[in-house]
Amino acid sequence: MNEISSKQLYIMIFFIPLVFKMSSLPALFYGETASTAFILIGIVVFVEFLQLALVLFVSREGGMDGIAEKYGKKVYFLISVPIMFVIFIKMLVLTQEIVHYLCSFFFYNISESAIMIIVILVIFYLGTRGAKAIGRLFELSIWFIPLIIIFGAFFGEIELESMYLTPVFDKSASTYLSAIGKYLIFTFDFSPLLYFKVKAKKVTPVAVCALLSTFVVMISYALLFSSYGNASVHASFGFARLATFNTVISEIGSLDWPSVLLWLVAGILSVSLKVNAVNRIFGENKLKKFGTGLFCLGITLVLLLGIKTLNKAVEFVTNGIQYAVFSIEIAVPLAVLVLFTAKHGRREYAPQS
Amino acid sequence: MPNNIDEQVEGLRALFGFPPDFTVRDIKTEYFYGKAVYFDGLIDVKELEESIIEPLVRKSEPFGDTLEGMRGIICYGGNLKEISYEESKETLLSGSAVLFCGSAIIAIPLIKVVGRAVAEPPTSSVIKGPREGFVENIKTNCILIRKRIRDENLVFKEITLGKRTLTKIVIAYLKDVVEEQLIEEIETRLNSFEIDGVVDSSYLAKLLEDRPYSLFKQIGNSEKPDVIATRILDGKAVVFCDGSPIAIYVPFTVIEDLEDAQDNYKRPMRATFLRYTRVFAAFLALFLPALFVSVQVFQFQLLPVELLATVINSTGNIPFSPTLEMLIALVLFEILGEASIRMPRHVGMVLGVVGAIVLGDTAVKAGLLSSLTVLVVAMSGIGIYAVPDEVGTLGILRILFVVAAGLLGLFGILVCGMCIVSYMSTLSSFGVPYLMPFAPIFKDDLKDILVKYNLYDLNNRPGSFRLTDKIRLRRAK
């Protein structure tokens, strides 16, 4: 049973839109839209929660398992194929982000290929552990947050310049729309939740987590830009940079480690969530791990032989394919919802008991 | 079944293979003829003579040779029972005398309690709090609990396990707090094995665990009656095994090993501080050797320049790689630990001193190990004993982390940690997730874990597992 608790869902809602917007996206977005980026990203994240609403509606009806029950395995698989395509494309860039991040912060002069294989192995392992394991890891990862706050409060040296956040909306609307369109691949990540049975009964905590996530993304972008100014375009891996504020404390070493670790954990877990969805698609039979393994092998081969660097990956996913991915991300939950409604038929009024 | 007393006794003797300790005491008077059978040394013969045989011999009037007939004659306070001939074999083995009369066979429980007195357990000494510890006698252990919980709802359910050892097992719980399904599950799991012998409660733990081959224990244990009484009051089921001074309990979550019996007897602030110290010590024990390897091999930028210089000066001339050096030091530490436990006490003490000072110092002077490595291993070794119940697990894990750190540095530690935690998150103890109340988060239980609350505010029993009565404390109106 791929069931997650409501608390696990709330934590996922907080982390999922956050993680991959805190790596290379701030710099890329700043490059396109300058200081307006911190407002734009807020709007993007907010819109992203519309997809979450759709996904949660579907989950309430029974998720993809409900489709399998009502329409059979063939329809289930037919709907799942585009989702697998989306996951494949997204994993290309997100895995590459993790590997690039690791090689930038953890190692010097190390073969990215070796790290790539290990990362994929870890993601495969976690992805095939099941929803509970991933959900619980998400729960445990939130304990990094107080650690970051404590470290930041004690050792952070923040030099902010609010002028760096202006001007806003000084370019044409088409510039902003095209920037949003270009980096759509980093957004709308909730479709794996279609394969989970979610126990979310209340709307308020979901809304609070969504707003909190939007707020944190916007504040982080604003802090990053007001700290780096025009140099933000070079400040890739914003989350780690944000944590240190360029500060190196001579007594205990550089302080970005808690943030680096949190990002890495959350990043790996977010991708594992996608692999878990793939694992679910391959069904309950004994071969499902084999299928998931082949899927991960395919990604590894593409990354090792074709898209070898992060730049190439970003180039690949910003060349038009992101629109197809985005369309599927929205269309599939909608289609599933329509299928559920169609099966309900006309509802009879039940006599009052 | 043989017809007369003599045939019955001889048949029984033959059944046991004519053992030398099989004793038969004839009781023959004008009004009574019978034979008391027992294993010499297993029962209290004096009590048999004084309470049973002497009153029967002295009786100068006729009486019935049944249990009812003998009541009022014998002056024995224990629980006498009429048994069948088939049951007599098992009764004899369990430490009873069997009285063969003309019309009945009577079991007289007279087991001689030989064992040590109740004393402070060597593995859980306390500064403040009760100093009693369990002993090898199951009855004494049950009394130690009964003494603390004088509630009619405290149930001691007895079962026998072990085809050859016929070991008494007692399941203790509060029947109006614990869900009956938990007890049924314990019994089902224990009875699903036909084992030839159970000589210690650790055998039961292995039979009860969800994943017996896991590195992580899923059953709690303690040698202290006050701890076990607290667990019973928390709504857990405790299992005692005759012959073992360690009681085991279920369900169990990993966080319980970071708690200490004394936490309840200290001021909440002090208890909280010590709890965090223990957690820090456990992290130190687990990660310090791996982090040290990691900063040497990959992440030297993690260290400030002065500290980096110290590390380089200390480790520069060592002929081994940092990983191998650390592994050698850790394995040596484990060997010292094992040897000092098994050596005679005085030699063990000497070995400890020799190992710690002479060997360590000599290894450093000889240039085989760096002084920092010895320091790191020593700190880790001290830290590991802050959580004594997890020494075995932490000892293996830290070696695993060192290997991961040697291969992939901090990333290796992280990956290894994630995989271990994800594995732990799939473990459960009788349906209760192993990482409760952190994953899944259970807010109510967190309040006694993150900060040790005063008893005054702990109104409910732990909510991580299902109970029929959750209220622990209610204020009087």
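The values are calculated or read from the model by the stated rules, or taken from the named source; none is laboratory data. Remember, it's a predicted structure, so these values are computed and weren't measured experimentally. Counting neighbours? That spans all protein chains shown, and the Cβs are built from the backbone with ideal geometry, glycine included. Just the protein is used for accessible areas: all its heavy atoms, side chains included, with ligands, DNA and RNA removed. Shrake-Rupley method; radii C 1.70, N 1.55, O 1.52, S 1.80 Å.
Reported count of residues in region B:188-228, each being assigned to a helix (DSSP H, G or I) and over 14 Å from the mean Cα position of the chain (by Cα), is 4.
Every residue, every condition in (1) touching a helix residue (DSSP H, G or I) at 6+ places or on another chain (Cβ under 8 Å); (2) without any contact (Cβ under 8 Å) to a residue 60 or more places away in the chain; (3) closer than 21 Å to B:K168 by Cβ, yes or no:
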site: B:L15; (1), (2), (3): yes, no, no
site: B:E54; (1), (2), (3): no, yes, no
site: B:V57; (1), (2), (3): no, yes, no
site: B:P62; (1), (2), (3): no, yes, no
site: B:E86; (1), (2), (3): no, no, yes
site: B:L93; (1), (2), (3): no, no, yes
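Among the helices (runs of 4 or more DSSP H) lying completely within region B:280-355, list those that include at least 1 residues that are away from every other protein chain (no Cβ under 14 Å), more than 23 Å from B:A366 (Cβ to Cβ) and touching a Ser or Thr at 6+ places or on another chain (Cβ under 7 Å). Because the criterion is at least 1 residues that are away from every other protein chain (no Cβ under 14 Å), more than 23 Å from B:A366 (Cβ to Cβ) and touching a Ser or Thr at 6+ places or on another chain (Cβ under 7 Å), the helices (runs of 4 or more DSSP H) in region B:280-355 that meet it are B:345-353.
From the list B:G406, B:G381, the lone residue that is of a type outside the set (A, V, I, L, M), open to solvent by less than 30 Å² (accessible area, probe 1.4 Å), more than 14 Å from every other protein chain (Cβ to nearest Cβ) and farther than 30 Å from B:G235 by Cβ is B:G381.
If I filter region B:440-450 down to residues being of a type outside the set (K, R) and more than 12 Å from A:L140 (Cβ to Cβ), which single residue comes out as farthest from the other protein chains (Cβ to nearest Cβ)? Looking at residues that are of a type outside the set (K, R) and more than 12 Å from A:L140 (Cβ to Cβ), I get B:D448. Taking region B:421-445 as the range and being free of Cβ contacts under 8 Å to residues at least 60 places away in the same chain, hydrophobic (A, V, I, L, M, F, W, C) and not in a loop (DSSP other than H, G, I, E, B) as the test, the residues that pass are B:V421, B:I441. Of all residues in region B:106-126, those that are open to solvent by 20 Å² or more (accessible area, probe 1.4 Å) and either under 30 Å from B:A386 (Cα atoms) or touching a residue at least 60 places away in the same chain (Cβ under 8 Å) (or both) total 11.
Restricting attention to region A:183-225, the residues that are surrounded by fewer than 20 Cβ atoms within 10 Å (Cβ to Cβ), assigned to a helix (DSSP H, G or I) and more than 19 Å from the chain's Cα centre (by Cα) total 3. B:G409 meets all of the listed conditions (1) on the phi < 0 side of the Ramachandran plot; (2) outside any loop (DSSP other than H, G, I, E, B) but one, namely (1). The numbered conditions (1) surrounded by fewer than 18 Cβ atoms within 10 Å (Cβ to Cβ); (2) without any contact (Cβ under 8 Å) to a residue 40 or more places away in the chain are all true for B:L336 except (1).
Could you grab me the full set of residues in region A:130-149 that are within 13 Å of another protein chain (Cβ to nearest Cβ) and free of Cβ contacts under 8 Å to residues at least 60 places away in the same chain? Of everything in region A:130-149, those that are within 13 Å of another protein chain (Cβ to nearest Cβ) and free of Cβ contacts under 8 Å to residues at least 60 places away in the same chain turn out to be A:A133, A:L140, A:W143, A:P146. Residue under question is A:F154, and the condition is that it be more than 10 Å from every other protein chain (Cβ to nearest Cβ), surrounded by fewer than 21 Cβ atoms within 10 Å (Cβ to Cβ), of a type in the set (F, W, Y) and closer than 30 Å to A:S227 by Cα; does it hold? Considered against the rule, which asks whether it is more than 10 Å from every other protein chain (Cβ to nearest Cβ), surrounded by fewer than 21 Cβ atoms within 10 Å (Cβ to Cβ), of a type in the set (F, W, Y) and closer than 30 Å to A:S227 by Cα, A:F154 comes out as yes.
No other residue among A:T300, A:T292, A:T341 is at pLDDT below 90 and assigned to a helix (DSSP H, G or I) apart from A:T341. How about region B:446-466: which of its residues are outside any loop (DSSP other than H, G, I, E, B), open to solvent by less than 60 Å² (accessible area, probe 1.4 Å) and in contact with a Lys or Arg (Cβ under 6 Å, 6 or more places away or on another chain)? Residues satisfying the conditions do not exist here. If the condition is being of a type outside the set (V, I, T), closer than 18 Å to A:F77 by Cα and open to solvent by less than 30 Å² (accessible area, probe 1.4 Å), then region A:299-337 contributes A:E329, A:P333.
Summed over region A:116-129, residues that are facing another protein chain (nearest Cβ under 9 Å) and in a loop (DSSP other than H, G, I, E, B) total 1.
Restricting attention to region B:263-278, the residues being open to solvent by 20 Å² or more (accessible area, probe 1.4 Å) and either assigned to a helix (DSSP H, G or I) or touching a Cys at 6+ places or on another chain (Cβ under 8 Å) (or both) number 10. For B:G383, the stated conditions do not hold, so it cannot be described as in a loop (DSSP other than H, G, I, E, B) and not aliphatic (A, V, I, L, M). Listed by first and then second residue, the pairs with beta-carbon distance under 6 Å, at least 6 apart or on different chains, first residue in region B:296-308 and in the same structural domain as B:L324 (by TED's automatic domain parsing) and under 20 Å from B:F411 (Cβ atoms), second aliphatic (A, V, I, L, M) and modelled with pLDDT of 75 or more, are B:Q299/B:L410; B:F300/B:L308; B:L302/B:V295; B:L303/B:V295.
Residues that are more than 10 Å from chain A (Cβ to nearest Cβ) and open to solvent by 20 Å² or more (accessible area, probe 1.4 Å) were ranked within region B:409-439; the one that is farthest from A:S104 (Cα to Cα) is B:F430. Out of curiosity, is B:E90 of a type in the set (D, E, K, R), more than 31 Å from the chain's Cα centre (by Cα) and in the same structural domain as B:R13 (by TED's automatic domain parsing)? The answer is no for B:E90.
Residues in region B:181-191: is at least one crowded, with 16+ Cβ neighbours inside 10 Å and among the β-branched types (V, I, T)? Scanning region B:181-191 turns up at least one residue that is crowded, with 16+ Cβ neighbours inside 10 Å and among the β-branched types (V, I, T).
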